[in-house]
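Comments concern the structure below.
The values are calculated or read from the model by the stated rules, or taken from the named source; none is laboratory data. The structure displayed is predicted, hence computed values, not measured ones. Every residue, glycine among them, receives a Cβ derived from its backbone with ideal geometry; neighbour counts consider all protein chains shown. With ligands, DNA and RNA removed, areas are computed over all heavy atoms of the protein, side chains included. Shrake-Rupley method; radii C 1.70, N 1.55, O 1.52, S 1.80 Å.
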Amino acid sequence: MSSRSALAGAVFVGAAAVSLAAFQTADPAPHVAAARAAAGTDFLPLFNRLCVPPAAAPAAGRAPAPARPAGPPPRSSWHADPVKVFDNLYFVGQTEYSAWALVTSAGIIVLDPLFDYSVADEVAGGLETLGLNPADIKYVVISHGHSDHAGGASFLQDRYKARVVVSADDWDLMDRTGGSWRKPKRDIVAKDGHQVTLGDTTLTLHQTPGHTLGTFSAIIQVRDGAARHTVAYWGGTAFNWLANRAGYITKERPDTFWFDQYIASARRFRDIAAKANADVLLSNHTAFDGSTTKLPAMATRRPGDPHPYVIGAAGVGRYLTVAEECALAGRARVP
Ligand SMILES: [Zn+2]
């Protein structure tokens, strides 16, 4: 098929698919177009990550992912300074990965405590830099059991006796994942809808399978002076089964299974976020939610300026539409 006829087909399908289940088409083009439109300029990194297919590599000749070299990477390659983003929510992440500290009247809840090598520096050290006390960490909420977000949990569990909250599926995932990082001891096993309440603050976890089976996304209330905002926190982003076949793909769980889970989760969480009137979208990767530019913008924000992270309910919806439509495009590419 020439590229011209492929494009013509895409236009036709796009026009005809309005009231149909869009994933019934096997043409990714209308979904890529819908995702690109939703992405605007602000969510291009998300679009590029999810909608641009990985370069086809011959499975047999594919080089394995490079192993992490012994010892932690040099601090200069990952260190970032902490930032107060809302009156009760602080960025304590590193350059590419975000950790968030939610400060309540009875202690601190940490979301996604980074790698084992950076948690002490960024989370514990970052809180101290901000004038907060890491010994006040009462809960560690893990969106999913990968080392870039869960790797720091055991440190916080051991050092501060923080309770660790993970879904059953991702406790199991950590149990069976080998590798070089220390897992937290199994603690709170949270189900869909689980609420973590500490003092005056409650955050609600919604299981959004896709990136992993037990990925949690969250709804979080934040304050900015007199203003109140609601955060939609999307817990897992990439279509990992495309790269890590061994960790995901089985006879019972082929590519379509993972895409379907992800599509359903993106739709469901977009509805949840809309009902909660969420007007802030946060990620655990700094590129996807715009933290790479928004964190520096916090430093120059003056009283009365708009908040860089407040994007409105429509912005939150667009983000989750990019995720959904790119997953639909990926599903359409499955042979
Ligand atoms: Zn992950």
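Things to note:
- Residues satisfying the stated conditions in region 225-263, i.e. small (Gly, Ala, Ser) and within 16 Å of the ligand (Cβ to nearest atom): Gly235, Gly236, Ala238, Ala243, Ala246, Gly247
- Leading residue by the ranking (nearest to the ligand (Cβ to nearest atom)) among those in region 213-224 that are surrounded by 24 or more Cβ atoms within 10 Å (Cβ to Cβ) and part of a loop (DSSP other than H, G, I, E, B): Thr215
- Within region 108-139, the set of residues being more than 16 Å from the ligand (Cβ to nearest atom), open to solvent by 10 Å² or more (accessible area, probe 1.4 Å) and in contact (Cβ under 8 Å) with a residue 60 or more places away in the chain comprises just one member, Lys138.
- Residue ranges of helices (runs of 4 or more DSSP H) in region 90-163 with at least 3 members under 15 Å from the mean Cα position of the chain (by Cα): 147-150
- Close Cβ contacts (under 6 Å, 6 or more residues apart or on different chains) running from residues in region 278-295 that are under 19 Å from His229 (Cα atoms) to residues that are aliphatic (A, V, I, L, M) and open to solvent by less than 10 Å² (accessible area, probe 1.4 Å) comprise Ala278/Ala232; Ala278/Val316; Val280/Val231; Leu281/Ala232; Leu281/Val316; Leu282/Val231; Asp289/Leu281; Asp289/Leu282.
- Hits in region 140-162 (condition: touching a residue at least 40 places away in the same chain (Cβ under 8 Å) and closer than 22 Å to Pro209 by Cβ): Val140, Val141, Ile142, Ser143, His144, Gly145, His146, Asp148, His149, Ala153
- Residue among Asp169, Asp200, Asp175, Asp192 that alone is over 24 Å from Leu282 (Cα atoms) and either open to solvent by 10 Å² or more (accessible area, probe 1.4 Å) or more than 16 Å from the ligand (Cβ to nearest atom) (or both): Asp175
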